[in-house]
Amino acid sequence: MSAREVRSIGQAGWGRTLGAAAVSILYFFPVLFIILAAFKTRQDILTWPVKFVFTPTLDNFVSVFFRVSVEGGAAEATGFGRYFFNSMFIGGSSVLLALVIGTAAAYGFSRFPLRGNDTYLFMILTTRMMPPIIAIIPIFVLFRIFGLSGTYQGIIALYTAFNLPFSIWMVKSFFDDLDRDIEDAARMDGSGEWRVFRRVCLPQIYAGLAATFVFAVILTWNEFVFALLLTGTETRTVPVQIVRTIGGAMGVDWGLLSALETLFIIPVVLVTFALQNQLLRGVTFGTIRR
Amino acid sequence: MDVTVSDLCRNFGRVAALQGVSLAVDAGEFFAILGPSGAGKTTLLRIVAGIEHADSGSVRLGGQDVASLPVRARNTAMVFQTFALYPHLTTFENLAYPLREQRTPRAEIARRVNEVAEMLRLSHTLARKPGTLSGGEQQRCAIGRALIRRPRLLLLDEPLTNLDAKLRHDTRAEFKRLHRELGSTTIIYATPDQLEALSMGQRIGVLRAGRIVQVDTPDALYRTPGDDFVAGLVGDPPINLLPGTLRATHSGTRIDLPFMGIDAGPWHAVLDGFGAGTRLTVGLRPQAIRPVTAEPDGPAFTARVFLTEPLGDVTILDILAHGETRLRMVLPQEQAWRIAVDDTIDCTVDADQICLFAHETGTAIPRDGTAAGG
């Protein structure tokens with residue numbers, strides 16, 4: 001990766017470069033619009049045509065955390081920090097749990113196949129193919145019976161279950177791509193089955209695990225429907241809070257909404273950026289010449 | 001450690017990889033297993049190593065049946081065709097791995113890794129990962145990892161296949177030196193390359209489609225192959241195998257080839273039982289055919305040259321005997337240089353080097369005064 005040659009614009013041709021730039025701007029425009037709006041005053045947001053030059057303000061970000069009531073008086077915390085923490089805590093722990101369980105299951109499916117192995121794998125995949133909302137009523141009932149509504153355990157367990165099929169399939173494909181001779185070499189070198197897994201197989205797929213982690217984190221971070229129905233005030237996640245911000249006595253506060261969304265994007269961008277090398281290796285796993 | 005393998009069978013689905021293989025390898029011997037790809041060499045080694053199980057049959061290492069012995073207790077090491085180095089570990093850690101698994105003290109590990117790295121000229125690569133090593137370095141690293149535990153049995157599965165020609169030559173010599181230095185370590189070496197087997201093996205077992213067809217010294221394998229398959233496998237360029245027919249003449253029996261006749265006298269004892277018209281396969285080593293210089297001292301024929309392959313010291317000639325039978329012969333350069341394509345040459349055959357096989361079974365027909373089966 002380090003010795004990769006970088007093309008200059010001249011080599012690609014100006015026409016292509018401009019074309020590519022135009023397409024990128026078109027796709028990135030909604031995001032750009034939101035980020036710009038987060039720094040605008042209400043007047044600037046509602047001006048037509050859209051203003052690209054304006055005096056930026058941080059008022060919207062302040063009102064993400066503090067609400068000033070119409071009747072005056074002291075500013076009051078909105079609890080956004082709490083929801084942000086909820087999103088990270090619920091997303092992070094459910095994805096980690098799914099990854100741990102999924103890796104164990106994937107190794108089992110890959111190395112110790114059962115009779116009907118493919119059938120089990122197929123069933124696991126089909127649960128992922130149906131729209132999750134189909135199961136909402138029974139899940140809602142179950143949450144009521146077991147008193148899980150509005151609890152961390154409940155929503156984490158649910159997200160773990162939803163991330164599992166994806167994690168199992170993806171991690172299994174990484175295990176499948178490993179050279180079995182290396183494991184046999186470890187057995188010859190005196191390793192038992194646990195150490196073959198822990199010391200030889202697992203370290204070889206760290207990049208794949210990182211890629212799986214990022215994909216699952218993004219899915220979970222953005223999840224809305226279950227969070228809306230199954231979290232309470234204490235466990236509410238950011239997507240639910242964003243929607244609750246729409247509406248109100250004063251009409252939609254577009255600036256506040258934009259600021260919320262801008263903050264919401266940041267963690268995903270950071271995680272993806274931090275793991276980008278692993279991500280690239282993860283998604284190209286097995287396409288590399290042996 | 002001596003190795004005895006009896007009646008090993010192993011099936012993969014409908015494919016029979018091993019069909020009753022029996023072998024006895026002496027302690028400290030360099031034993032080569034020669035066979036084309038798919039013959040079952042790797043399966044045999046893996047069963048001896050313990051990482052594959054046999055459907056039936058037994059493996060005895062040092063006289064002990066190892067059926068219930070776990071892999072790690074067999075004191076056996078293996079070098080894989082793909083080298084199978086741990087890609088996430090440095091050369092040092094690759095070499096240290098077997099010792100760590102044995103809970104060897106740190107200082108001892110460092111000492112032995114350095115010692116092995118020194119011996120295999122890997123010292124400069126200790127901090128690097130396998131992906132950055134050259135093919136030769138990877139291979140030496142794989143050998144080092146196998147040797148560091150000082151195994152009593154070393155299994156080598158086509159370790160030279162992934163190397164280039166020059167490196168192969170050097171490494172063959174290296175293996176012989178290693179074997180001498182290790183002294184009591186038994187080596188079983190699987191290869192599809194007859195040159196590797198002949199040059200390194202003290203004895204060679206030829207494996208064909210899951211069966212051992214012949215076990216012999218390299219010299220015996222070359223001179224008295226047990227059947228036409230072994231004859232075709234051993235020797236470079238490959239032996240000429242030609243259809244022949246037994247004929248009775250007034251002065252005795254003769255074997256008719258399309259372009260000449262051979263006196264059947266040397267095989268009299270066996271051929272006597274066969275009737276005239278029996279079909280045979282005649283094996284002529286390319287080295288046994290030479291141009292007639294003065295009076296031919298053996299059977300002679302005329303041939304047209306249609307292809308020459310000069311290899312520097314020798315030249316391989318493809319000739320058409322009597323305009324129809326294609327043959328291959330090898331000539332030293334000083335004799336070959338004045339022969340050109342389309343030349344006609346008179347050739348003779350060194351009668352002592354002719355091999356004879358039954359046509360249907362391919363089994364060798366021994367010369368009078370030698371034991372059957374070579």
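In the stretch B:186-223, how many are touching a strand residue (DSSP E or B) at 6+ places or on another chain (Cβ under 7 Å) and either part of a loop (DSSP other than H, G, I, E, B) or among the aromatic types (Phe, Trp, Tyr) (or both)? Number satisfying all stated conditions: 5. Is it the case, given these coordinates, that B:LEU85 is facing chain A (nearest Cβ under 8 Å), out of contact with any His (no Cβ under 8 Å at 6 or more places or on another chain), over 17 Å from B:ALA24 (Cβ atoms) and modelled with pLDDT of 90 or more? Spelling it out, B:LEU85 is indeed facing chain A (nearest Cβ under 8 Å), out of contact with any His (no Cβ under 8 Å at 6 or more places or on another chain), over 17 Å from B:ALA24 (Cβ atoms) and modelled with pLDDT of 90 or more. A residue that is surrounded by fewer than 19 Cβ atoms within 10 Å (Cβ to Cβ), at pLDDT below 90, more than 10 Å from chain A (Cβ to nearest Cβ) and under 23 Å from B:SER184 (Cα atoms) occurs nowhere in the stretch B:110-117. Of the residues in the stretch A:174-193, at least one is more than 14 Å from chain B (Cβ to nearest Cβ) and either more than 30 Å from A:LEU148 (Cβ to Cβ) or out of contact with any Ser or Thr (no Cβ under 7 Å at 6 or more places or on another chain) (or both). With the requirement that a residue be surrounded by 20 or more Cβ atoms within 10 Å (Cβ to Cβ), within 14 Å of chain A (Cβ to nearest Cβ) and either of a type in the set (Asp, Glu) or more than 19 Å from A:ASP189 (Cβ to Cβ) (or both), what does the stretch B:120-168 give you? Once the filter is applied, which keeps residues that are surrounded by 20 or more Cβ atoms within 10 Å (Cβ to Cβ), within 14 Å of chain A (Cβ to nearest Cβ) and either of a type in the set (Asp, Glu) or more than 19 Å from A:ASP189 (Cβ to Cβ) (or both), the stretch B:120-168 yields B:ASP157, B:GLU158. The strands (runs of 3 or more DSSP E) found entirely in the stretch B:1-49 that carry 1 or more residues being assigned by TED's automatic domain parsing to the domain that holds B:MET200, more than 21 Å from B:THR217 (Cβ to Cβ) and not aliphatic (A, V, I, L, M) are B:3-12, B:15-25. Taking (1) surrounded by fewer than 20 Cβ atoms within 10 Å (Cβ to Cβ); (2) farther than 30 Å from B:ALA84 by Cα in turn, A:SER173 satisfies each apart from (2).
Residue by residue through the stretch A:96-119, note down the ones that are under 28 Å from the mean Cα position of the chain (by Cα), over 18 Å from A:ASP184 (Cα atoms) and either among the small types (Gly, Ala, Ser) or part of a loop (DSSP other than H, G, I, E, B) (or both). Of everything in the stretch A:96-119, those that are under 28 Å from the mean Cα position of the chain (by Cα), over 18 Å from A:ASP184 (Cα atoms) and either among the small types (Gly, Ala, Ser) or part of a loop (DSSP other than H, G, I, E, B) (or both) turn out to be A:ALA98, A:GLY102, A:ALA104, A:ALA105, A:ALA106. Would you check which residues across the stretch B:91-105 are more than 10 Å from chain A (Cβ to nearest Cβ), crowded, with 24+ Cβ neighbours inside 10 Å and under 17 Å from A:ARG195 (Cα atoms) and list them? Within the stretch B:91-105, just B:LEU95 meets the criteria.
If a residue must be buried (at least 19 other Cβ atoms within 10 Å of the Cβ) and among the β-branched types (Val, Ile, Thr), how many such residues does the stretch B:352-364 contain? Outline the logic, then answer.
If we filter the stretch B:352-364 for residues that are buried (at least 19 other Cβ atoms within 10 Å of the Cβ), which is where we start, we get B:354-357, B:364.
Checking the rest, the ones that are also among the β-branched types (Val, Ile, Thr) come to B:354.
Residues flagged as buried (at least 19 other Cβ atoms within 10 Å of the Cβ) and among the β-branched types (Val, Ile, Thr) within the stretch B:352-364 amount to 1.
With respect to being surrounded by fewer than 18 Cβ atoms within 10 Å (Cβ to Cβ), under 20 Å from the mean Cα position of the chain (by Cα) and among the polar types (S, T, N, Q), B:GLN202 fits the description. Counting only residues that are over 28 Å from the mean Cα position of the chain (by Cα) and surrounded by fewer than 17 Cβ atoms within 10 Å (Cβ to Cβ), the stretch B:66-89 holds 6 of them. In summary, B:THR253 fulfils each of the numbered conditions (1) surrounded by 13 or more Cβ atoms within 10 Å (Cβ to Cβ); (2) under 30 Å from the mean Cα position of the chain (by Cα) with the single exception of condition (2).
The values are calculated or read from the model by the stated rules, or taken from the named source; none is laboratory data. Just so you know, these numbers come straight off a predicted model, no measurement behind them. Cβ: placed from backbone, ideal geometry, glycine included. Neighbour counts: every protein chain shown.
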